[in-house]
Amino acid sequence: MALPNIFDKQVADSLLIRIQKLTMDTKPLWGKMQVGQMLAHANVTYGYVYEPELYKPTPALLKIILKLFVKKTVVDETPYKKNSQTGPDFKINDDKIFKKERDRLVGFVLKTQALGADHFEGKRSHSFGKLTATEWNNMFYKHIDHHLRQFGM
């Protein structure tokens, strides 16, 4: 089962509609994050690509471990389970400004769609090395979709 293609304008637009339906008061159906924290958490995947200076490089040994044991879960088409484990950069414990995080995520989705699949083919990821455009798509789409569903969107 192929995931929707985030590089397709209609798919990106459908995600943006779901993101825009969120409000500061939207409550999760599961998990502990508040909506601003969830948006900040979702932004990390894109931050690795568009704001790499905000994150420490992944050490070589850890990168090997991530490739062997985590990569498949992140880039395949299988949906994430509720309350799945996450990496340290993705743990958002402090309060976040809802509108700022929502606007960042909207910008990231728009930029990703505009750059298109060809831009991502063979591009190195922060943690997994080179990925195909399909793997990038799965990672981007699956993560946002998971958390939008978490908040009923």
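Summary table below
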| quantity | calculated |
| --- | --- |
| Lys/Arg +1, Asp/Glu -1 at C-beta; segment 1-124 dipole; positive extreme among GLY36, SER84, ALA60 | SER84 |
| Structure-based [θ]222 nm, the chain - -39500 (n - 2.57) summed over DSSP H runs of at least 4, per residue, nearest 500 | -18000 deg cm²/dmol |
| Charged-residue dipole, Cβ positions (Lys, Arg, Asp, Glu), segment 1-119 about Cα centre, Debye nearest 20 | 340 |
| At R0 = 30 Å, FRET efficiency that the Cβ-Cβ distance of ARG124 and THR23 yields, to 0.05 | 0.25 |
| Around ASN138: net Lys/Arg minus Asp/Glu count, Cβ-Cβ under 12 Å | -1 |
| Cβ crowding within 10 Å averaged over residues, with 35-41, 60-66, 140-146, 117-123 ranked highest first | 35-41, 140-146, 117-123, 60-66 |
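Bear in mind that the values in this text are calculations on the coordinates, not laboratory data. Keep in mind the model is a prediction, meaning the values are calculated, not measured. So basically every Cβ, Gly included, is an ideal-geometry build from the backbone, and we count neighbours across all protein chains shown.
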